[in-house]
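Inspection log for the structure reproduced underneath, given as structure tokens.
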Amino acid sequence: MPNNNIPLLVKELAAGKVRAAARLISLIENEDMGREIIPLIHNKEHHAYTVGITGPPGVGKSTLTEKLVLQLLKNSVKVGIIAIDPTSPFSGGALLGDRIRLHQLSTNPNVFIRSMASRGSLGGISAATLDGSKILEAFGCDFIIIETVGVGQSEVEIVKHVDSTILTLSPGMGDDIQALKAGIMEIADIFVVNKADKDGLEKTVSEIEMLLRASNHNNFIPPVVKTIARDNIGIEELVEKINKHREYLSQSGDLEANRKKRIKFELWHRINSIISAFIQDSLTIETMDNLIDDIYAKRVDSYSVADKIIDKLINR
Ligand SMILES: Nc1nc2c(ncn2[C@@H]2O[C@H](COP(=O)(O)OP(=O)(O)OP(=O)(O)O)[C@@H](O)[C@H]2O)c(=O)[nH]1
Ligand SMILES: [Mg+2]
């Protein structure tokens, strides 16, 4: 029977037991137990640096992640990887996880790999993913890499939750790059053009640089790194650029400011969900139906009804 003794699991997590980390993340993801687990975690000294890797399907994000992690491990750090699977009714979101588990990282004791579904509503990234990365931080990871597929608005929400965002593209994506203009160009901290062995590399790089010049980057100009992830080429430079961005964030004070912004966002999300659950619990279906009838018949308006519901709850 799987272990559900949360205090014990949290203790084992602090001691670096992989199985405890895995079990706790499952409890958070599948049983919605973040509320029970996260308050028990007290690892005040340790901060993990979080990196998001996003980009269109098949550009080589997982290959890049693997090589990046191997490079980071040279400085003997502990790395956590969360691969976010788009939840599909067919795959159940397990496909990427299976694939990523196949490679050589999965046997390294300093690497923790986890695949999680993208369902949920913290703006594209699930609340469970955020709690999952808290578990990995408590587990002692120095770096946490989150891989997400896609360049649509909801997928790139990842940037609101990590310290550095890497947008991965590949040669021959002319039209796609044009389409990226809105939003993502402004949010990526580092651009990677992977599959640099393919035709059209320089064209893609110069298109990105052109768009970058036209967009809004005041202080930190995102570098464009060419990689051949498959052959481990360009990865050292990528690590260098990540470290540079990290340094910039630390020195400018943005690292702390951005993290506090994320805490604010998360805190409001929690407050809002607790309040709505509370209000929903306090309203019977019958009361709700009556109120709807009243609004329908124009006896009253929805603003006044909402105010009344809140007033009643606060003053009772
Ligand atoms: N030619 C070439 N192929 C590469 C390179 N890097 C990765 N690939 C190949 O590209 C394919 C897709 O790689 P993945 O790492 O799975 O790409 P991904 O972006 O994680 O894919 P999804 O998670 O499915 O979106 C694989 O067959 C890789 O071997 C590269 O630098 N050059
Ligand atoms: Mg992948």
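Note the full-extension length gain between residue 218 and residue 14 as 0.36 nm times their separation in residues minus their Cα-Cα distance, in nm to one decimal.
69.4 nm
Among the listed pairs 17/67; 78/160; 134/264, which are separated by more than 20 Å between their Cα atoms? Don't skip to the end; give the middle numbers.
Numbers: 17/67 24 Å; 78/160 23 Å; 134/264 16 Å.
From the list (17/67; 78/160; 134/264), the Cα-Cα distance tops 20 Å for 17/67; 78/160.
What distance in nm separates the two pseudo spin-label positions at residue 256 and residue 108, each 7 Å out from Cα along the beta-carbon direction?
3.2 nm
Multiplying the sequence separation of residue 244 and residue 281 by 0.36 nm and subtracting their Cα-Cα distance, what value in nm do you get?
Numbers: separation 37, 0.36 × 37 = 13.32 nm, distance 4.93 nm.
Gain on stretching residue 244 to residue 281: 8.4 nm.
Given points 7 Å out from each Cα along the Cα-Cβ axis, report the residue 198 to residue 71 separation in nanometres with one decimal.
Going by the 7 Å Cα→Cβ label model, 2.0 nm.
Might you report the magnitude of the Cβ-based charge dipole of the stretch 173-290 about its Cα centre, with Lys and Arg at +1 and Asp and Glu at -1, to the nearest 20 debye? The partial results should precede the final answer.
On the way: 16 positive and 20 negative charges, 72 e Å.
It comes to approximately 340 debye.
Rounded to the nearest 0.05, what FRET efficiency is calculated for residue 274 and residue 307 with R0 set to 30 Å and r the Cβ-Cβ distance? Numbers along the way, then the final one.
Working: r = 20 Å, r/R0 = 0.66.
Rounded to the nearest 0.05, the efficiency is 0.90.
Only the coordinates and a few stated rules stand behind these numbers; no lab work does. Here the structure is a predicted model, which is why all the values come from computation and not from measurement. Cβ coordinates were reconstructed from backbone atoms using ideal geometry, including for glycine residues, and neighbour counts include every protein chain displayed.
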